[in-house]
1. Which far-off residues, 5 or more places away or on another chain, put their amide H under 5 Å from the one on Arg159, with H placed in the peptide plane?
2. If you roll a 1.4 angstrom probe over the protein chains with everything in place, what fraction of the accessible area of the chain belongs to carbon and sulfur, to the nearest %?
3. Taking a probe of 1.4 Å, how large is the accessible area per residue of region 1-84, in Å²?
4. Work out the count of Lys pairs in the chain where the Cα-Cα distance is under 25 Å, with the pair 8 or more places apart or on different chains.
5. For region 113-169, what does the accessible surface come to per residue with a 1.4 Å probe? Please give it in Å².
6. For Gln27 and Leu135, what does the FRET efficiency come to when R0 = 41 Å and r is the distance between their Cβ atoms, rounded to the nearest 0.05?
7. Would you calculate, for the chain, the mean residue ellipticity at 222 nm contributed by helices, counting each DSSP H stretch of 4 or more residues as -39,500 (n - 2.57) and dividing by all residues, to the nearest 500?
8. Between Ile9 and Asp44, what's the calculated FRET efficiency when r is the beta-carbon distance and R0 is 25 Å? Round to 0.05.
Amino acid sequence: MNQVFSTPIWHLQAEEKDKAILPEMHQWALKYKRENPGVIRSNDGGYHSPDHIDFGKLLHFENLQERLSWIPHFYYTNWWININLKGDLNRKHTHPGCVLSGIWYITDNYNGLVFDHPQDHIREDLYNMFPEMCLQHSWDCKAGDIILFPSDIVHWVKRHELRSPRISIAFNIIRYLQKRTGDGLTVSK
């Protein structure tokens, strides 16, 4: 069997320097939650901060920038904090209007991130015939890891089973817009 039209998912594992900032980020996220009311988006329970477009307010943003510097021609659009306590989850959703979405894990995610197959609504019988081709894939990330995925893929987060919080920073990015001018192709933000 050959497979075509795969969905790219990038899993950047934390290095020691990334892990060193996690205790400070953990405390910062919990303090942020205490001082700022949350909003309801995909969260069922748990805390979802309002969206922010000012990345200067994201603690250790320079770390995120350095780790994602290999991505060509892009800029960040928004970020928010997710904190799930025991029993909390995030329902199925996508991030319209973006190219890539990312999650920067401040704590382990305990195999909680789930991606649904883009054609699960029309290929259920096919995947029932060939169970090795699954309709969902869970992703296990450790504290400090970053995961990037196409913003249009349906994803969700399983119910958190532990008493300690599950904390992440989510963000979206888009590519630079390109305009053709009389002098050729220019790149603008």
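1. The answer is none.
2. Values: 5900 of 11010 Å².
Heavy-atom surface of the chain belonging to carbon and sulfur, 1.4 Å probe: 54 percent.
3. On the way: 5220 Å² over 84 residues.
It amounts to 62 Å² per residue over region 1-84.
4. 26
5. Details: 3070 Å² over 57 residues.
Heavy-atom SASA per residue in region 113-169 reads 54 Å².
6. Numbers: r = 38 Å, r/R0 = 0.94.
Once rounded, the FRET efficiency stands at 0.60.
7. Working: 4 runs with 32 residues, N = 189.
Taken over the chain, the calculation gives -4500 deg cm²/dmol.
8. Details: r = 24 Å, r/R0 = 0.95.
Working from the Cβ atoms, E equals 0.60.
The values are calculated or read from the model by the stated rules, or taken from the named source; none is laboratory data. If you're wondering where the values come from, they're calculated on a predicted model, not measured in any experiment. Quick reminder, even Gly has a Cβ in these numbers, built from the backbone with ideal geometry, and neighbours come from all protein chains shown. Keep in mind that these areas ignore ligands, DNA and RNA; they rest on the heavy atoms of the full protein, side chains included. Shrake-Rupley method; radii C 1.70, N 1.55, O 1.52, S 1.80 Å.
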